[in-house]
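Chemist: I have a structure here, written as structure tokens, and I will follow up with some questions on it.
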Amino acid sequence: MKRNPTDPDDGVSRRSVLAAGAAGLSLSMSGCMDNVRSVVSRDGDEQLSLSILTVPTEDGRATAQIADHLEENLRTVGIDASTVIRSRSEFLEQSLIDGDFDIYVGRHPADYDPDFLYEALHSTYARANESGWQNPFGFASTLFDRRLEEQRRLDGDERRELFVDRSYNFLDTLAAEKPFDPICRPSEIRVARSDRFDGWDEDHRHLATRTGYLGLEPTDDDIERLTALVTDARPSRNVNPLSATVRERGTVVDLLYDSLGTVVYTDEGIEVASWLAESWTEVDRDEIGHPDDESNGDSKTDDEPDGDGKTDDESSGDKTPDDSDDKTTLEITLRDGCTFHSTDDDDDGEPVTARDVAFTYRFLEDTTLGQSSTPAPAPRYRGQTSAVDEVVVADDADDTLWLTVDGGRDVAERALTVPILPRHIWLPELEDRISDFDDFSVEQGEWSLVTTDSVEPIGSGPYRFESQSERSYLHLERFEDHFTLREDLEEDHLRGPLVDELRFSVEPNNQGAISRVENDSADLMSSSIDAHAIGRIPEDHDDVVRLEDDSWTFYHVGFNMRRTELGFRKAVCRLIDKEWIVENIFYDHAEPLATPVTDAWTPDRLAWDGEDPETPFIGTDGDVNVEAAHAMLESEGYTIDEDGAVLRRG
């Protein structure tokens with residue numbers, strides 16, 4: 001493997017200090033962002049002033065245009081708004097790690113299951129100031145927490161009724177409180193060549209998931225490489241599966257690393273199907289005991305880094321098992337004979353065992369494995385692992401374990417979608433970074449183990465890392481020992497890597513990428529095409545096919561609730577014309593939203609019906625009605641001076 005890693009200093013970087021929010025809007029006094037400033041009227045009163053954090057056009061054209069639309073309307077009504085432009089990685093660092101924003105405009109990765117709202121909004125993460133998509137808004141509501149916890153405990157129709165059929169549920173609370181405002185869900189459209197690979201049009205293939213790249217049959221024996229174009233250069237620099245700033249979606253990670261289950265599309269919808277796990281069965285928790293019960297389960301492991309002689313039980317954490325009916329336990333059997341990729345082409349890879357699975361959940365819950373003075377959960381996969389109560393490894397088999405979650409089966413199966421990490425790679429990496437076992441602390445989400453590009457990208461996935469060149473490409477090779485290449489598999493979703501090489505080449509220009517596919521210098525545009533370039537897809541090319549997938553991601557405006565109060569957030573939301581944005585920025589290749597969950601989980605009262613039911617746009621065709629906006633702001637206690645400026649409340 002050819003790599004040129006550049007590892008940051010292993011010392012701990014410090015989190016930016018978050019400005020404490022007070023009742024009323026004090027954005028112009030926060031001093032946290034270089035573009036926030038006080039603007040004083042001629043009478044000495046302070047004008048409302050805030051910054052909108054976003055990305056440059058080259059990193060997200062639609063995102064930047066939404067920010068421009070919002071800034072223009074804020075200025076039109078007399079609020080001094082300015083846009084702060086940051087690169088994609090810097091934007092994620094400033095919003096998700098430093099928490100240093102007033103308002104931001106971005107694209108939320110969301111998930112197929114509405115349980116993503118748990119990590120997005122539960123107050124636990126706001127109190128802990130966790131990095132990542134764990135409640136960057138600072139939203140805190142005890143009642144809302146209870147509703148998030150309740151939906152985790154339910155399954156099937158009962159869970160769906162909680163979202164869809166109740167007269168008032170936490171989606172209504174979300175729409176009313178506005179920690180963020182969902183704007184629209186874009187179409188995911190890509191192009192591919194049909195003359196070199198068969199299978200693009202197979203049912204249930206989705207190119208945002210691992211299965212989108214598997215089972216593609218070369219049309220000629222001489223075809224050895226599939227070239228996929230990406231507009232985002234970050235995978236060419238860093239493939240660390242834990243980083244919150246190098247990716248929003250996990251497609252590359254899912255090709256390098258296996259998970260116990262995998263997300264598949266079926267005629268009935270989205271489900272989690274077997275992958276690295278051959279099977280799982282729901283069992284009674286009492287039948288397996290727990291790590292304190294010496295009669296059942298391998299209760300000890302050496303996952304504790306060398307240094308203080310302590311041992312941890314092989315559990316996902318230190319939660320105390322109980323007999324609650326709200327917990328779900330799955331007995332999981334791993335596929336036989338699976339191995340991790342080797343670190344040397346001449347060596348066989350290490351076997352994937354239940355201990356690696358237990359290590360993964362323990363490690364994702366605290367990347368220091370208890371060595372830091374405070375836990376440091378991985379900034380990714382927090383939603384899945386936060387539900388895990390315990391992982392127990394069988395004492396008489398390397399392929400059997402029990403996973404218990406604090407919730408129902410839906411939540412348990414979502415927990416099976418995290419990448420399984422090789423213990424023999426990550427444990428030594430942790431030990432190497434601990435210089436003093438007696439005095440060791442890290443900043444969650446920022447310390448080198450979760451940001452570095454120097455950890456060997458060793459997984460057990462269908463493709464293995466071969467090489468990368470910054471801002472040029474990421475090159476993967478087929479893992480010849482992957483279980484999907486076995487002949488005895490019967491499940492339709494277990495497609496294998498049928499081409500020798502998979503190269504993700506960086507092409508930042510959407511139109512350039514489409515042209516390269518059209519001109520036969522690439523096989524696929526892997527990144528979804530920006531709306532402005534969709535019209536450039538050739539309609540009469542025999543060998544170019546247009547691929548359209550459902551999406552669960554959404555564009556949104558996020559509010560720092562430590563700095564903003566409810567009346568102001570609602571006022572800002574009423575200055576966003578979602579219909580106009582869909583028509584003029586996305587050219588109708590998106591659907592406007594009033595709630596962030598997918599249609600299957602949306603109650604009729606929050607379905608889009610021409611306007612946002614909670615905060616309808618106060619204007620027409622993208623242009624704000626200034627008189628009506630001023631009346632709205634005055635009703636919230638703000639003053640409008642003689643020049644039309646909105647003044648900060650004293």
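Chemist: Would it be correct to say that G407 is within 22 Å of the chain's Cα centre (by Cα) and at pLDDT 95 or above? It would help to see each step written out before you state the result.
Modeler: Working: within 22 Å of the chain's Cα centre (by Cα): yes; at pLDDT 95 or above: yes.
For G407, the condition - within 22 Å of the chain's Cα centre (by Cα) and at pLDDT 95 or above - is met.
Chemist: Which pairs have Cβ atoms under 7 Å, sit 6 or more apart or on different chains, and link a residue in the stretch 495-512 that is without any contact (Cβ under 8 Å) to a residue 40 or more places away in the chain to one that is not acidic (D, E)?
Modeler: Q511/A533; Q511/R536
Chemist: Oh, and also: Considering only residues that are of a type in the set (S, T, Y) and part of a loop (DSSP other than H, G, I, E, B), look in the stretch 443-495 and name the one that is nearest to the chain's Cα centre (by Cα). I'd like the intermediate steps shown before the answer.
Modeler: Looking only at the stretch 443-495, we keep the residues that are of a type in the set (S, T, Y), and these are 448, 451-452, 454, 460, 463, 467, 469, 472-473, 484.
Still in the list and also part of a loop (DSSP other than H, G, I, E, B): 452, 454, 460, 472.
Values: T452: 19, S454: 22, S460: 21, S472: 24 Å.
Ranking the qualifying residues of the stretch 443-495, first place goes to T452.
Chemist: Restricting to the stretch 631-646, and then to whatever is at pLDDT 95 or above and small (G, A, S), can you tell me which residue is surrounded by the most Cβ atoms within 10 Å (Cβ to Cβ)?
Modeler: A645
Chemist: I would also like to ask the following. Within the stretch 582-595, identify whether any single residue is over 22 Å from I534 (Cβ atoms) and not hydroxyl-bearing (S, T, Y), and answer yes or no. Before the answer, list the steps.
Modeler: As a first pass, look at the stretch 582-595 and keep what is over 22 Å from I534 (Cβ atoms): 594-595.
Cutting the leftovers down to not hydroxyl-bearing (S, T, Y) gives us 594.
Scanning the stretch 582-595, I find at least one residue that is over 22 Å from I534 (Cβ atoms) and not hydroxyl-bearing (S, T, Y), so the answer is yes.
Chemist: Out of V253, V263, report the one residue that is assigned to a strand (DSSP E or B) and buried (at least 22 other Cβ atoms within 10 Å of the Cβ).
Modeler: On the way: V253 fails: assigned to a strand (DSSP E or B).
Result: V263 is the single residue among V253, V263 that is assigned to a strand (DSSP E or B) and buried (at least 22 other Cβ atoms within 10 Å of the Cβ).
Chemist: Another question about this same structure. Among residues belonging to the stretch 135-168 that are in contact with a Gly (Cβ under 8 Å, 6 or more places away or on another chain) and in a loop (DSSP other than H, G, I, E, B), point out the one that is nearest to G445 (Cα to Cα).
Modeler: P136
Chemist: Same structure, new question: Of all residues in the stretch 408-451, which are in contact with a helix residue (DSSP H, G or I) (Cβ under 7 Å, 6 or more places away or on another chain) and hydroxyl-bearing (S, T, Y)?
Modeler: Across the stretch 408-451, the qualifying residues are T417, S448.
Chemist: Let me ask something additional. Is one or more of the residues making up the stretch 352-369 in a loop (DSSP other than H, G, I, E, B), among the β-branched types (V, I, T) and open to solvent by 20 Å² or more (accessible area, probe 1.4 Å)? Full working, then the answer.
Modeler: Kept after step one, since they are in a loop (DSSP other than H, G, I, E, B), are these residues of the stretch 352-369: 352-353, 366-369.
Now restrict to residues that are among the β-branched types (V, I, T): 352-353, 367-368.
Now restrict to residues that are open to solvent by 20 Å² or more (accessible area, probe 1.4 Å): 353.
Looking for residues that are in a loop (DSSP other than H, G, I, E, B), among the β-branched types (V, I, T) and open to solvent by 20 Å² or more (accessible area, probe 1.4 Å), one finds at least one in the stretch 352-369, hence yes.
Chemist: Confirm whether E611 is farther than 20 Å from S49 by Cα, charged (D, E, K, R) and in the same structural domain as F91 (by TED's automatic domain parsing). Lay out the reasoning, then the answer.
Modeler: Working: farther than 20 Å from S49 by Cα: yes; charged (D, E, K, R): yes; in the same structural domain as F91 (by TED's automatic domain parsing): yes.
Considered against the rule, which asks whether it is farther than 20 Å from S49 by Cα, charged (D, E, K, R) and in the same structural domain as F91 (by TED's automatic domain parsing), E611 comes out as yes.
Chemist: Only one of D181, D203, D195, D232 is of a type in the set (D, E, K, R), modelled with pLDDT of 95 or more and not assigned by TED's automatic domain parsing to the domain that holds G60. Can you tell me which? Don't jump to the end; show me each part of the working.
Modeler: Numbers: D181 fails: not assigned by TED's automatic domain parsing to the domain that holds G60; D203 fails: modelled with pLDDT of 95 or more; D232 fails: modelled with pLDDT of 95 or more.
None of the others qualify; the one that does is D195.
Chemist: How many residues does the stretch 551-577 contain that are in contact with a Cys (Cβ under 8 Å, 6 or more places away or on another chain) and either under 17 Å from H589 (Cβ atoms) or open to solvent by 10 Å² or more (accessible area, probe 1.4 Å) (or both)? Steps first, please.
Modeler: Just the residues of the stretch 551-577 that are in contact with a Cys (Cβ under 8 Å, 6 or more places away or on another chain), to begin with: 554-555, 557.
Subset that is either under 17 Å from H589 (Cβ atoms) or open to solvent by 10 Å² or more (accessible area, probe 1.4 Å) (or both): 554-555.
So the count comes out to 2.
Chemist: Right, something else. So which residues in the stretch 87-110 are within 22 Å of I576 (Cβ to Cβ), open to solvent by 10 Å² or more (accessible area, probe 1.4 Å) and assigned to a loop (DSSP other than H, G, I, E, B), if there are any at all?
Modeler: P109, A110
Chemist: Can you name every residue in the stretch 532-550 that is open to solvent by less than 20 Å² (accessible area, probe 1.4 Å), in contact (Cβ under 8 Å) with a residue 60 or more places away in the chain and closer than 23 Å to V55 by Cα?
Modeler: I534 - this is the single residue of the stretch 532-550 that is open to solvent by less than 20 Å² (accessible area, probe 1.4 Å), in contact (Cβ under 8 Å) with a residue 60 or more places away in the chain and closer than 23 Å to V55 by Cα.
Chemist: Continuing with this model, one more query. Has the stretch 512-525 got at least one residue that is under 30 Å from E614 (Cβ atoms) and not in a helix (DSSP H, G or I)? Can you show your working first?
Modeler: Residues of the stretch 512-525 under 30 Å from E614 (Cβ atoms): none.
No - not one qualifying residue is present in the stretch 512-525.
Chemist: Let me ask something else about it. Considering (1) within 30 Å of E90 (Cβ to Cβ); (2) surrounded by fewer than 20 Cβ atoms within 10 Å (Cβ to Cβ), say which one F180 fails and leave the rest.
Modeler: (2)
Chemist: On to the next question. So how many residues does the stretch 371-410 have that are part of a loop (DSSP other than H, G, I, E, B), within 26 Å of E431 (Cα to Cα) and open to solvent by less than 20 Å² (accessible area, probe 1.4 Å)?
Modeler: 6
Chemist: Collect the residues in the stretch 608-630 that are assigned to a helix (DSSP H, G or I), surrounded by fewer than 19 Cβ atoms within 10 Å (Cβ to Cβ) and in contact with a strand residue (DSSP E or B) (Cβ under 9 Å, 6 or more places away or on another chain), keeping them in residue-number order. Lay out the reasoning, then the answer.
Modeler: Of all residues in the stretch 608-630, those assigned to a helix (DSSP H, G or I) come to 626-630.
Checking which are surrounded by fewer than 19 Cβ atoms within 10 Å (Cβ to Cβ) leaves us with 626-628, 630.
Within the stretch 608-630, V626, A628, H630 qualify.
Chemist: Related question: Only one of these is touching a residue at least 40 places away in the same chain (Cβ under 8 Å) and open to solvent by 20 Å² or more (accessible area, probe 1.4 Å): E487, E491. Name it.
Modeler: On the way: E487 fails: touching a residue at least 40 places away in the same chain (Cβ under 8 Å).
It is E491.
Chemist: Scan the stretch 582-590 and give yes if some residue there is of a type outside the set (A, V, I, L, M, F, W, C), part of a loop (DSSP other than H, G, I, E, B) and within 21 Å of the chain's Cα centre (by Cα), otherwise no. Outline the logic, then answer.
Modeler: Residues of the stretch 582-590 of a type outside the set (A, V, I, L, M, F, W, C): 583-584, 587-589.
With the extra rule that they be part of a loop (DSSP other than H, G, I, E, B), the set shrinks to 587-589.
From what's left, within 21 Å of the chain's Cα centre (by Cα): none.
Scanning the stretch 582-590 turns up no residue that is of a type outside the set (A, V, I, L, M, F, W, C), part of a loop (DSSP other than H, G, I, E, B) and within 21 Å of the chain's Cα centre (by Cα).
Yes/no matrix, rows are residues, columns are (1) more than 30 Å from A376 (Cα to Cα); (2) of a type outside the set (S, T, N, Q); (3) out of contact with any His (no Cβ under 8 Å at 6 or more places or on another chain):
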residue	(1), (2), (3)
T54	no, no, yes
T57	yes, no, yes
T63	yes, no, yes
R75	yes, yes, yes
E93	no, yes, yes
G99	no, yes, yes
D102	no, yes, yes
G106	no, yes, no
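Chemist: Name the single residue that is surrounded by the fewest Cβ atoms within 10 Å (Cβ to Cβ) among those in the stretch 232-249 being in contact with a strand residue (DSSP E or B) (Cβ under 6 Å, 6 or more places away or on another chain) and outside any helix (DSSP H, G or I).
Modeler: First, the residues of the stretch 232-249 that are in contact with a strand residue (DSSP E or B) (Cβ under 6 Å, 6 or more places away or on another chain): 233, 235-236, 241.
Checking which are outside any helix (DSSP H, G or I) leaves us with 233, 241.
Values: A233: 19, P241: 24.
Applying the filter and picking the extreme gives A233.
Chemist: Right, here's the next one. Which residues, counting only those in the stretch 560-581, are assigned to a loop (DSSP other than H, G, I, E, B) and free of Cβ contacts under 8 Å to residues at least 60 places away in the same chain? Show your work before the answer.
Modeler: Step one: filter the stretch 560-581 for residues assigned to a loop (DSSP other than H, G, I, E, B), giving 560-565, 574-577.
Hit for the stretch 560-581 is R574, nothing else.
Chemist: Between a residue in the stretch 346-360 that is in the same structural domain as L416 (by TED's automatic domain parsing) and any residue that is part of a helix (DSSP H, G or I) and open to solvent by less than 80 Å² (accessible area, probe 1.4 Å), which pairs come within a Cβ distance under 7 Å, given they are 6 or more apart or on different chains?
Modeler: Close Cβ pairs (under 7 Å, with a partner that is part of a helix (DSSP H, G or I) and open to solvent by less than 80 Å² (accessible area, probe 1.4 Å)) amount to E350/H424; R355/R423; D356/R423; F359/R423.
Chemist: Still on this structure: Starting from residues that are over 15 Å from P497 (Cβ atoms) and touching a helix residue (DSSP H, G or I) at 6+ places or on another chain (Cβ under 7 Å), keep the ones in the stretch 208-231 and report whichever is surrounded by the most Cβ atoms within 10 Å (Cβ to Cβ).
Modeler: Out of the qualifying residues, it is L229.
Condition check ((1) in contact with a strand residue (DSSP E or B) (Cβ under 7 Å, 6 or more places away or on another chain); (2) surrounded by fewer than 19 Cβ atoms within 10 Å (Cβ to Cβ); (3) farther than 30 Å from Y112 by Cβ; (4) not assigned by TED's automatic domain parsing to the domain that holds L369) across all residues:
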site	(1), (2), (3), (4)
E413	yes, no, no, no
T417	yes, no, no, no
L421	no, no, no, no
H424	no, yes, yes, no
P428	no, yes, yes, no
E431	no, yes, yes, no
S441	no, yes, yes, no
G445	no, no, no, no
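The values are calculated or read from the model by the stated rules, or taken from the named source; none is laboratory data. The structure presented is a predicted model; accordingly, all values stated were derived computationally and were not measured. All Cβ positions, even for glycine, are placed from backbone atoms using ideal geometry, and neighbour counts span all protein chains on display. The area values use the complete protein model at the heavy-atom level, side chains included, leaving out ligands, DNA and RNA. Shrake-Rupley method; radii C 1.70, N 1.55, O 1.52, S 1.80 Å.
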